[in-house]
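Written out below as structure tokens is the structure these notes cover.
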Amino acid sequence: MILIKNISKTYDGITNAVDNLSLTIQSGSVFGFLGPNGAGKTTAIKMLVGINTPDAGSIMIGDESPLAVSTRENIGFMPEEPHFYDQLTGLEFLEFSSDLFKNSRGKSKTELEEILKKVNIYEARHSKIRTYSKGMKQRLGFAQAIVNDPTYIFLDEPLEGLDPIGRREIKKIIETIKEEGKTIFFNSHILADVEALCDQIGIIHKGRLIYSGPVNQFRKDMSLEDQFVKTIKSL
Amino acid sequence: MKNTLVIAKSTFRQTIRDKILYGIVVFALIFLGSTVVLGSLSLGEEVFVIRNLGLAGIYIFGLIITIFLGATIVYDEVEKRTTYFLLSKPVSRADVVMGKFLGLLAAVSITTLLMLGAYLLTVVLSGGNFDYLSIGAVFLQIMEMAVLIAILILFSVFTTPLAATIYTILILYIGHLLPLIKQYALNSGLVAKYILTAVYYIFPNLEKFDIRNLIVHQIQVSFKESAISVGYAVIYVVLVVYLAQLLLNKKEL
């Protein structure tokens with residue numbers, strides 16, 4: 001379970017990027033975190049994976065803080081518009097990512113190649129990342145997020161920059177991972193995909209949580225997109 | 001420690017494949033080869049000129065490579081957000097700084113040793129003896145580069161690559177003037193003396209690593225003196241890298 005209790009984050013002591021956010025995400029569920037640009041989604045996800053710490057409040061992933069090494073062994077994170085070490089090949093980068101985890105260190109080449117096959121960039125495994133398209137980088141970002149077979153997966157805009165085929169493939173992988181009982185937390189702008197994948201959603205606006213619960217309960221008789229736009233405009 | 005080494009390996013791979021680095025190394029090798037021509041212009045002092053210019057060339061090109069690779073190393077990591085990958089994994093910010101330092105030092109050392117190999121070959125092919133003393137000079141040069149890499153990483157944490165380059169060049173200049181500054185401090189008034197003494201102890205004394213002139217004149221440096229210089233470099237690097245790590249810890253990513 002992911003337990004977020006009253007977390008706040010201020011930048012430069014002025015901007016309240018996240019304001020008193022509380023959420024509970026059940027194990028094995030897919031949680032979609034929505035909000036307009038600048039709402040605080042990325043700030044929140046960075047705190048969840050331990051890149052930054054909240055100014056107030058607490059986060060528990062499983063039974064521990066995300067700052068604990070043991071927690072991070074079980075976390076997979078894909079940042080928004082991922083940038084890589086361009087001079088490395090896709091396979092080298094995945095090997096590098098894998099070696100940073102105790103439980104996946106020394107994974108065989110075949111095992112790593114299997115992951116690259118899963119995200120459909122196996123053919124480009126020996127090409128330098130600088131030659132990759134945006135979509136290929138996105139897939140590599142996804143591959144490194146699952147390289148340690150994590151229990152909790154955090155994805156920041158995972159479908160951004162992918163063509164319809166790529167989006168379908170990544171969605172399929174998310175569904176497979178969900179079936180394996182993993183907990184998935186993802187930020188997205190693409191509401192149709194959120195609707196298709198998520199059990200629960202949270203909506204954040206100007207750093208404050210304005211809704212948290214099942215998708216159907218939020219959208220009522222409208223599409224998620226229409227209800228989302230209507231709700232945000234009314235604030 | 002394991003993750004530090006994993007980051008160091010990846011940093012080494014990344015930097016050693018930089019095409020601009022290849023360009024600088026090729027240029028350095030051409031320069032080392034050209035010392036033969038310059039040596040032939042002297043009257044009976046060919047090998048002396050080759051050794052003099054060769055060691056100076058290794059130093060200058062080593063410096064260019066160090067500054068070129070070091071100025072952007074942490075800055076790029078933060079700006080391009082590759083730190084997000086690292087810090088969401090069981091990796092501390094200290095691992096990142098130390099890994100970057102070791103990876104870069106390995107890349108600079110390898111390229112410097114390549115230049116040393118070309119230099120030794122040039123000296124032997126020009127009729128000189130195997131210049132084993134120069135190995136010590138280049139080893140101490142690598143120690144100097146280690147200090148500069150640590151300083152570049154420190155600046156790279158909080159400033160732009162251009163500013164980091166300018167500050168490091170200033171420190172390089174001051175660092176080689178420190179023995180003179182110490183002398184000057186002895187003859188100065190009380191306030192100036194304190195300020196100059198503080199400068200002497202805060203800035204890295206890079207003259208400790210410069211034995212090229214002695215080596216060119218076939219003067220051997222004692223093991224004790226070289227060991228003190230190595231110890232000085234290690235202590236300075238540890239302190240600066242620790243400071244860089246503290247600053248990175250405070251940085252909001």
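Read-outs: derived from the displayed coordinates by stated rules, not from any lab. Just so we're clear, the structure is a prediction, and the values are computed from it rather than from any experiment. All Cβ positions, glycine included, derive from the backbone under ideal geometry; neighbour counts span all protein chains shown.
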For this session: Select from A:Leu88, A:Leu197, A:Leu48 the residue whose mean-square fluctuation is largest in a Gaussian network model of chain A (Cα-Cα springs shorter than 10 Å).
Result: A:Leu88
Exercise. Using alpha-carbon pairs under 8 Å, 6+ residues apart, how would you state the relative contact order of the stretch B:2-250 in percent?
Worked result: 26 percent
For this session: Note the per residue figure in Å³ for the convex hull of the C-alpha positions in the stretch A:1-97.
Result: 132 Å³
For this session: Take the alpha carbon atoms of the stretch B:46-74, find their center, do the same for the stretch A:16-57, and report the distance between the two centers in whole angstrom.
Result: 49 Å
Exercise. Taking the alpha carbon gyration tensor of the protein assembly as shown, what are the square roots of 5 times its eigenvalues, largest first, to the nearest whole Å?
Worked result: 53, 26, 17
Problem set entry | Share antiparallel - DSSP beta bridges, chain A, percent rounded to 5 | 55 percent
For this session: Please state the charge dipole magnitude for the protein assembly as shown, taken about the Cα centre, from unit charges on C-beta atoms (+1 on K and R, -1 on D and E), reported in debye and rounded to the nearest 20.
Result: 300 debye
Exercise. Angle, helix B:223-250 long axis vs. longest principal axis of chain B, Cα atoms, 0 to 90°, nearest 10?
Worked result: 30 degrees
Problem set entry | Selected from B:Ile166, A:Phe84, B:Ala244, residue furthest toward positive end of dipole (the protein assembly as shown; charges at beta carbon) | B:Ala244
Problem set entry | Choice from A:Lys220, A:Lys117, A:Lys172 showing the highest fluctuation, given a GNM over chain A with Cα pairs closer than 10 Å | A:Lys220
For this session: Please report how far the C-alpha centroid of the stretch A:178-223 lies from that of the stretch A:80-135, rounded to the nearest whole angstrom.
Result: 29 Å
Problem set entry | Nearest 10 degrees, 0 to 90: helix A:134-146 Cα axis against chain A principal axis | 90 degrees
Problem set entry | Partners for B:Lys250 among lysines (Cα-Cα distance below 26 Å; same-chain residues under 8 apart left out) | A:Lys5, A:Lys9, A:Lys41, A:Lys46, A:Lys206, B:Lys2, B:Lys9, B:Lys80, B:Lys89, B:Lys100
For this session: With no solvent and one equal point scatterer placed on each C-alpha of chain B, evaluate the Debye formula and give log10 I(q)/I(0) for q = 0.09 Å⁻¹, two decimals.
Result: -0.44
For this session: Quantify how much of the Cα-Cα distance distribution of the stretch B:118-253 extends past 19 Å, in percent.
Result: 61 percent
Exercise. Within chain B, what is the longest stretch that has no chymotrypsin sites (Phe, Trp or Tyr not before Pro) placed in a DSSP loop and near at most 15 other beta-carbon atoms within 10 Å?
Worked result: B:1-129
Exercise. Suppose every K and R has +1 on its Cβ and every D and E has -1 on its Cβ; what is the size of the dipole of chain A about the Cα centre, in Debye to the nearest 20?
Worked result: 200 debye
Exercise. Size of the dipole of the stretch A:37-143 about the Cα centre, Lys and Arg at +1 and Asp and Glu at -1 on the beta carbon, nothing else charged, in debye to 20?
Worked result: 340 debye
For this session: Write down Rg/Rh for the stretch A:81-235, rounded to two decimals, with Rg from the C-alpha atoms and Rh from the Kirkwood relation over Cα pairs.
Result: 1.03
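How much net charge surrounds B:Phe61 when only other residues with a Cβ under 15 Å from its Cβ are counted (Lys, Arg +1; Asp, Glu -1)?
-1
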Seminar exercise, completed: Any lysines whose Cα falls less than 26 Å from that of B:Lys182, other than same-chain ones fewer than 8 residues away, would be B:Lys193, B:Lys208, B:Lys224
Problem set entry | Mean projected area (nm²) of the alpha-carbon convex hull when the stretch A:81-150 is viewed from all directions | 4.1 nm²
